[in-house]
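As structure tokens, the structure follows; a few thoughts come after it.
None of the figures in this text is laboratory data; all of them are computed from the coordinates on show. For clarity, every value in this text was computed on a predicted model and none was experimentally measured. All Cβ positions, even for glycine, are placed from backbone atoms using ideal geometry, and neighbour counts span all protein chains on display.
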Amino acid sequence: MRVSTFSVPPLRNNAYLLIDEASLEAAVIDPGLGAKKILNALKLSGAKVTYILNTHGHADHTAENAALKEATGAKLGIHEVDANRLEKNARDARPYLPTPTPLAKPDLLLKEGTEIRLGSITLFVKHTPGHTEGSAVFHMSSEGVLFSGDTVMAGTAGRTDIQGGSPAKMAASLRRLYREIPADTRVLPGHGPASTMRTEQWLADITYPLLR
């Protein structure tokens, strides 16, 4: 499995391109405004995108879902609780973007335990509310990688003082990840540098309420 990271607008988002090198099946996680960069990388790789996956429904992560879906024919997946945010972003994408984003309707309504197969690799969906009601992370246990969105980032967690945020739910989600995800797992977040679960020892001592 090859994972490429792209730093893209509007908020220095991390967009990820996953390619199973045996099958050349690919997935994109949280394209943001990075469709052009991702499509250029695909031309060089010869891979085909079969899935576009959103960790949550904020417009800075989902802005070019539609453009990427049209260009690749990939299926779009988002947690069922956050699916309504895609329609909201098509009406009003503020505060993340000044104008609405094109609507891309989801093909897959993800939930706790959903498995996304990419060649010989499986991504397991974990529902981790706190940043939004339907925030989710994607765990590739065989590869030791966690795509954590805006749930856990290097040295911090996603904001909970926004619409849909919940300090209590975020604290519970972070405690769960600390319990369930192996320490050697590489954490690839929605913003900022990569980390590991072992590095994020602060997760062991979360004090409620968690506000940011």
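Worth a mention:
- Subset of Lys48/Lys105; Lys69/Lys111; Lys37/Lys111 violating a 27 Å alpha-carbon distance limit: Lys37/Lys111
- If the chain linking Lys48 and Leu11 were pulled fully straight, counting 0.36 nm for each residue of separation and taking away their Cα-Cα distance, it would gain 10.6 nm.
- Listed residues Gly134, Gly32, Gly155, most fluctuating in the chain (Gaussian network, C-alpha, under 10 Å): Gly155
- Net charge, Ser120 excluded, C-beta distance under 12 Å - Lys, Arg +1, Asp, Glu -1: -3
- Mean sequence separation of contacting Cα pairs (under 8 Å, at least six apart), scaled by the length of the stretch 2-205, corresponds to a relative contact order of 15 percent.
- Stretch gain in nm, segment Leu109-Ala204, where the contour uses 0.36 nm per residue and the Cα spacing is subtracted: 31.1 nm
- The phi torsions of the stretch 121-127, fed into the Karplus equation with coefficients 6.51, -1.76 and 1.60 and a -60° offset, translate into couplings of 9, 10, 9, 9, 8, 10, 7 Hz, rounded to whole numbers, with Gly and Pro shown as x.
- Distance in nm between pseudo-label sites at Glu70 and Glu180 (7 Å out along the Cβ direction from Cα): 3.7 nm
- Relative intensity of the chain on a log10 scale, I(q)/I(0) at q = 0.10, 0.12, 0.14 Å⁻¹, equals -0.38, -0.55, -0.76, per a Debye sum over C-alpha point scatterers of equal strength in the absence of solvent.
- Rounded to the nearest 20, the size of the Cβ-charge dipole of the chain about its Cα centre is 260 debye, with Lys and Arg at +1 and Asp and Glu at -1.
- Here the stretch 2-205 carries DSSP beta bridges of which approximately 65% are antiparallel, counting only pairs with both residues inside.
- Alpha-carbon centroid distance for the pair the stretch 1-36 / the stretch 190-209, whole angstrom: 22 Å
- Summary of the geometry: the stretch 116-140 and the stretch 69-115, compared by the centres of their Cα atoms, lie 15 Å apart.
- Options Gly134, Ala41, Ala194, ranked by Cα towards positive dipole end of the stretch 2-205, top entry (Cβ charges): Ala41
- Helical mean residue ellipticity (222 nm; -39500 (n - 2.57) per DSSP H run of 4+; nearest 500) of the chain: -6000 deg cm²/dmol
- Charging the Cβ of each Asp and Glu at -1 and of each Lys and Arg at +1, and nothing else, the dipole of the stretch 1-106 about its Cα centre rounds to 260 debye.
- Cross-link reach list, aspartates and glutamates versus Lys126, counting only Cα pairs under 20 Å and skipping chain neighbours closer than eight places: Asp30, Glu80, Asp82, Asp107, Glu112, Glu115, Glu143, Asp150, Glu180, Asp184, Glu200
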